[in-house]
Every structure is written in C-alpha cells, then in structure tokens.
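Bear in mind these aren't lab numbers, they're just calculated from the coordinates by the rules spelled out. Keep in mind that what you see is a predicted model, and the values were worked out from it rather than measured. Methodologically, a virtual Cβ is constructed for each residue, glycine included, from the backbone with ideal geometry; neighbour enumeration extends over all protein chains shown.
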Amino acid sequence: MIFRWLRRKLIRRAPFPPAWRILLHRNMRFWSGLTADEQARIEDEIRFFIAERHWEGCGGLTLTEEMKVIIAAQACRLLLGRPGERYANVTTILVYPSGYFTGPQPTPVLGGPSTRVVPGGGTPVLGQAHDRGPVILSWRHTLEGALMDEDGENLVLHEFAHKLDMANGVVDGTPAMDSAEQAREWHEVMTSARDRLAHDPRYGLGAPLRIYALTNPAEFFAVATEVFFERPQDMDEWDPDLYRVLARWYRQDPKARMAALGDEPE
C-alpha cells in the first residue's frame, strides 16, 4: 500500500505527456465534454491505471504505449464519478489484434455477444472479463469503440462494467451499492427494464439496448452501461428510470455532457 502511494505521488509530479493529451482529443469525443478539472483527474487515473497493470500483446500484436492510453481512458471513464473503485480486481490486460477464439466449448466467463461454437476452433469472441482473472480485448474493436462513441457499443466499457460487477464477489448485474435503498431501487428498475426490452415491439428497430442484454442480468448491466455513456438521450427517452439509476450509481450525467458537445464532433 505504501509502495502504491509513493508510486502515485511520483506519477503526479511528472506532467501528463502532451502526446497522450493530443491522442485523447483526437480519438475520444467524450474528452471534449469534460471540464478542465475532470480532465485533470482522469489524466491521473489513466497514468495510475497503466502503471499498475500487467499488459501483454497476444496473437502477434505489439502493444504500444498509445494503445494502453486508449484502453485506459475508456476504462477510467466509468470511474470518473467513483474514483475510489480503481479496478482493484484488474491486474492483467491481454490485447489481441482482433477477435479471437476460446476453447472448443463456451467458457464460464462474461464476454462478447457471439455464442457460436466453431467445430475444432472454439467460440469466437471480441473480449472477456474473467472473474479473478484478466480482461481480454480485441484492439481493433477497442479502437472502433473509441472513435465511434455514439452507436451504443463499446467493448472496453462493456468488459470493465463486468469488472465493476465482479468487485463485490457476485456476478449478477448489481455492483456494490451505497445503501439497501439503492439496491432495492436498482433491482426493481433493472428487472422492469429487462422485461420491457424482452417485449419491446421495436426490437431491432430502435430500442437502444441490443438483444444480447437479455442473456443474463450481468450482461444487461454491461450493455446498459455502453448505452448509458454513448446514447444517453436515447436511453433516457426509452426508460428514464433506467437512466436515473445508472446516473446515480456512476455519479455522472452523460446526457448533459453530450448536450455540451453539440450536434457535431469538435
């Protein structure tokens, strides 16, 4: 603990690399919606996040510093209102060039939307979050998620939402709550939203959450997190209670940030 405190103190003393800041402005539209104070805070978190994990390129990928920044910025976006979380259950991040295959049978981890088993080749996935294990990401889809942040699909947000869910020891779509009252409201709203999505006649024609959200409560939370940050106005119009409980837990209001950005990317 003392070592971590000293390391973070040293990290804060050094200026945030200007090249990283340029990278964030160019590849993260949400960055422009943050206040100067929020940008400063998330810059610290990005540096802590990178320094405190083991990183590994897989499948022939040479993992660069720039790739780490893009991943860290998206993961830390979730914690802007909850800096105390800091992903204590994430020690290793593995990055593949693109999608990859798991073993010959589906594995009991939370990952991408594909469930098709390829004979002799395993299950194709884009990413996974292992309970008490690493986060695995496709670099191609990680970058697409950073650049296309209004489609409601973001691999990094999805997998790190799983890690937030796992932090309390139960993978059930309910991260650690601040009170029993909040937990009750969460359960009621999430259950109602899942039921509504399952019976929404617009399914596939405009409902903001994709069908994969109905896989189980954990996947519902992860998919809802993607939409909350990338299509907040659509979520609020579709189910204002769902938007409200997510805003309360994340302690953020992406809809207000999106409004501040205007209609066109800067």
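Can you give the local net charge around Asp253? Use residues other than it whose beta-carbon is closer than 11 angstrom to its beta-carbon, Lys and Arg +1, Asp and Glu -1.
+4
Once you sort the root eigenvalues of the Cα gyration tensor of region 1-98 as a ≥ b ≥ c, which label holds: rounded (a/c under 1.5), prolate (a/b larger than b/c) or oblate (the other case)?
Because a/c hits 1.5 or more and a/b fails to exceed b/c, region 1-98 counts as oblate.
Once amide H atoms are placed 1.01 Å from N in the peptide plane, what residues at a sequence separation of 5 or more from Thr92, or on another chain, have their amide H within under 5 Å of its amide H?
Residues meeting the amide H criterion: His54, Val135.
Among DSSP bridges having both ends in the chain, what percentage is antiparallel? Round to the nearest 5.
So the antiparallel bridges in the chain amount to around 50 percent.
Test of understanding: ordering Glu181, Glu188 by Cβ neighbours within 10 Å, fewest first, what list do you get?
Glu181, Glu188
How far, in nm, would the chain grow between Asn216 and Ala260 when pulled straight, counting 0.36 nm per residue and subtracting the alpha carbon separation?
Length difference between fully extended and current span is 12.4 nm.
Could you tell me how far the Cα centroid of region 1-66 sits from the Cα centroid of region 151-194, in Å?
If we compute the Cα centre of each part, the gap is 25 Å.
Straight distance only, please: which aspartates and glutamates reach the Cα of Lys68 with their own Cα at less than 19 Å, same-chain residues fewer than 8 apart left out?
Glu43, Asp44, Glu45, Glu52, Glu56, Glu144, Asp149, Glu159
What is the distance, in nm, between label points placed 7 Å from the Cα along the Cα-to-Cβ direction at Arg8 and at Thr92?
In this crude spin-label approximation the distance works out to 2.5 nm.
For a quick check: sort Phe160, Phe3, Phe101 by the number of other beta carbons within 10 angstrom, fewest at the front.
Listed from fewest to most nearby Cβ atoms, that is Phe3, Phe101, Phe160.
With the contact rule set at Cα under 8 Å and sequence spacing of 6 or more, what percent relative contact order holds for the chain?
16 percent
Determine, for Lys68, Lys9, the number of other Cβ atoms within 10 Å of each Cβ, and report the residues in order from fewest to most.
If I rank by nearby Cβ atoms, fewest first, I get Lys9, Lys68.
Quick one: if you stick a label point 7 Å off each Cα along the C-beta vector at Asp131 and His199, how many nm between them?
3.0 nm
Give the shape of the chain as rounded, prolate or oblate, defined through the alpha-carbon gyration tensor: a ≥ b ≥ c are the square roots of its eigenvalues, a/c under 1.5 means rounded, and otherwise the shape is prolate if a/b is larger than b/c and oblate if not.
Judged from the Cα gyration tensor, the chain comes out rounded (a/c under 1.5).
When a/c reaches 1.5 or more, the comparison of a/b and b/c decides; with that in mind, is region 8-62 rounded, prolate or oblate per its Cα gyration tensor?
Judged from the Cα gyration tensor, region 8-62 comes out oblate (a/c at least 1.5, b/c at or above a/b).
Apply 1/(1 + (r/R0)^6) to the Cβ-Cβ distance of Asp253 and Cys58, taking R0 = 45 Å, and write down the FRET efficiency to the nearest 0.05.
It comes out at approximately 0.80.
Can you show me the helix-derived [θ] at 222 nm for the chain, built from DSSP H runs with n ≥ 4 at -39,500 (n - 2.57) apiece and divided by the number of residues, rounded to the nearest 500.
Taking each H run of at least 4 residues, the total per residue is -15500 deg cm²/dmol.
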